[in-house]
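Peer 1: Okay, handing you the structure first.
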Amino acid sequence: MTEQRTLRGKTAVVGVGESTFYKRGGSPDSEFELCLKAVIAAADDAGIDVRDVDGLVSFGGDKNEPPKIAAALGLKDLRVSAMQATISGGGSSGHVGLAAAAVATGMADNVIAYRAITQPPAARFGLGAYGGGSVSNEVSGHGLGGVTAAYGFLTPAQKYALRAQRLLEVVGVDPSAFEAVARTAYHHANSNPHAVMHGRPLSSEAYEESRWISEPFHLYDCCAESDGAAAVLVTHRAQAEALREDPVYILSAAGGGPLRGAAQENVPDYVTGGFKTLAPRLFKGAELAPADIDVLQVYDNFTAGVVMAIIEHGFCTAEDAGELLTFENLTVGGSLPLNTSGGNFAEAYVQSMQMHVEAVRQLRGTAINQVADARTCLCAGGPMTSVSTSVIYGTKELL
């Protein structure tokens, strides 16, 4: 008999939580305090005493280590303390996969996947952080900032602009897709009172007239920095169904690091979001195809990465991206709703953790920008990083 090695339907999200989201430097609370608030809120939403949480998982660069959280909240037994080890947002779906794997194998019963971030104390970007901050990894890979800085290669926008330009000029993607991704995020945030960019719709004219950051990126092709935290609580199927009438099941999770992905600017497949190897495994595990996905939540650090992710997951091709990735199709009511709470661009840059919360709300039917009859949602993390990760959520009728 062939062993069924799959996560499909063995675990579910039963609790979600968020802090208030703030513009960069606007939080009155420390990053750790924001993290605690999100974790407690996720446990409360699940109807579980936070002290009964027995697993905590985050991803690359999170300073809020599980033992520290466990001590502050009085967790009785921290059975799983883990991190998806990737550069920045590449792990922003992988840590949910780790939580699901831990629960499915019996290592823990109630695992919270979380992320908290406040920008100013992190010293994430800028020359001042080259001595040992995460920017050396973010920008040039494995501490090579001293090499690239001599050529004016200083920021993530410059790094990813090189790939974006290739996407337009060599692969042949229509640049209108970039604008559609940006405008979609601001459109959805405009009706989301929790979003940092609430009340700031983005017109086509404003997008085109915004200043260049690093060609081909305009201002609105780039995410802003934020302060905030978010979390989801994963448990096993039997408990999930006892706790709630609307658990959101994890149908599949996958990660992928392309050949020599950590080489960054010397990677053989340069124009990629990093999803080419993982996407077939992701859909196979879920027993679904791209056409079965109702909602997309894609890590939006830069518009080019979102377009790459959508193409590489099979929702369109490079040739028809300009035709299919339009404002009308990507907004709620369209054929491929994207980042329905505003994403990193316009809700808050919590390295897409809040997108998992939004995925759960969509499938519960409680989202502010609700997609009608949504049964499936795909979350993708880390476009253009050395490792990318994705997860597919679904409702019970999919099982």
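The values are calculated or read from the model by the stated rules, or taken from the named source; none is laboratory data. No experiment lies behind these values; they were computed from the predicted model shown. Neighbour counts are summed over all protein chains in view; Cβ atoms, including those assigned to glycine, are modelled from backbone coordinates with ideal geometry. Please note that ligands, DNA and RNA were not included when accessible areas were found on the heavy atoms of the full protein model with its side chains. Shrake-Rupley method; radii C 1.70, N 1.55, O 1.52, S 1.80 Å.
Peer 1: Tell me yes or no: at least one residue of region 257-274 is at pLDDT 95 or above and of a type in the set (S, T, N, Q). I'd like the intermediate steps shown before the answer.
Peer 2: Residues of region 257-274 at pLDDT 95 or above: none.
Within region 257-274 (the criterion being at pLDDT 95 or above and of a type in the set (S, T, N, Q)), the answer is no, since none of the residues qualifies.
Peer 1: Here's another thing I want to ask about it. Taking the stated definitions as given, is residue 328 touching a Gly at 6+ places or on another chain (Cβ under 6 Å), acidic (Asp, Glu) and free of Cβ contacts under 8 Å to residues at least 24 places away in the same chain? Before you say what the answer is, go through the steps one by one.
Peer 2: Details: touching a Gly at 6+ places or on another chain (Cβ under 6 Å): yes; acidic (Asp, Glu): yes; free of Cβ contacts under 8 Å to residues at least 24 places away in the same chain: yes.
Here the answer is yes, as residue 328 does meet what is asked.
Peer 1: Taking region 81-100 only, how many residues are surrounded by fewer than 21 Cβ atoms within 10 Å (Cβ to Cβ) and part of a strand (DSSP E or B)?
Peer 2: If we filter region 81-100 for residues that are surrounded by fewer than 21 Cβ atoms within 10 Å (Cβ to Cβ), which is where we start, we get 81-83, 85.
From what is left, the residues that are part of a strand (DSSP E or B) are 81-83.
Within region 81-100, residues that are surrounded by fewer than 21 Cβ atoms within 10 Å (Cβ to Cβ) and part of a strand (DSSP E or B) number 3.
Peer 1: While we're looking at this one, here's another question. Of all residues in region 210-242, which are farther than 23 Å from residue 172 by Cα and open to solvent by 50 Å² or more (accessible area, probe 1.4 Å)?
Peer 2: Across region 210-242, the qualifying residues are 211, 236, 237, 238, 239, 241, 242.
Peer 1: Taking region 4-45, which residues are in a loop (DSSP other than H, G, I, E, B) and more than 17 Å from residue 106 (Cα to Cα)?
Peer 2: First pass over region 4-45, keeping only residues in a loop (DSSP other than H, G, I, E, B): 4-10, 19-21, 24-30.
Within region 4-45, 19, 20, 21, 24, 25, 26, 27, 28, 29, 30 meet the criteria.
Peer 1: Which one is surrounded by the most Cβ atoms within 10 Å (Cβ to Cβ) among residues in region 101-121 that are of a type outside the set (A, V, I, L, M, F, W, C) and at pLDDT below 95? Walk me through how you get there before you give the answer.
Peer 2: Looking only at region 101-121, we keep the residues that are of a type outside the set (A, V, I, L, M, F, W, C), and these are 105-106, 109-110, 114-115, 118-121.
Now restrict to residues that are at pLDDT below 95: 118-121.
Numbers: 118: 24, 119: 20, 120: 13, 121: 12.
Per the criteria, the residue is 118.
Peer 1: Additional query: Got at least one residue in region 243-250 being on the phi > 0 side of the Ramachandran plot and part of a helix (DSSP H, G or I)? Explain how you work it out, then say what you get.
Peer 2: Start the filter on region 243-250 by keeping residues that are on the phi > 0 side of the Ramachandran plot, which leaves none.
Within region 243-250, not a single residue is on the phi > 0 side of the Ramachandran plot and part of a helix (DSSP H, G or I).
Peer 1: Let me ask something additional. For residues in region 287-311 being in contact with an Asp or Glu (Cβ under 8 Å, 6 or more places away or on another chain) and more than 23 Å from residue 155 (Cα to Cα), which is most open to solvent (accessible area, probe 1.4 Å)? I'd like the intermediate steps shown before the answer.
Peer 2: Within region 287-311, the subset in contact with an Asp or Glu (Cβ under 8 Å, 6 or more places away or on another chain) is 294, 297, 302-304, 306.
Then keep just the ones that are more than 23 Å from residue 155 (Cα to Cα); that gives 294, 297.
Numbers: 294: 46, 297: 1 Å².
Among them, the one singled out is 294.
Peer 1: Can you find a residue in region 346-357 that is touching a residue at least 60 places away in the same chain (Cβ under 8 Å), over 19 Å from residue 13 (Cβ atoms) and of a type in the set (Ser, Thr, Tyr)?
Peer 2: Yes, region 346-357 contains at least one residue that is touching a residue at least 60 places away in the same chain (Cβ under 8 Å), over 19 Å from residue 13 (Cβ atoms) and of a type in the set (Ser, Thr, Tyr).
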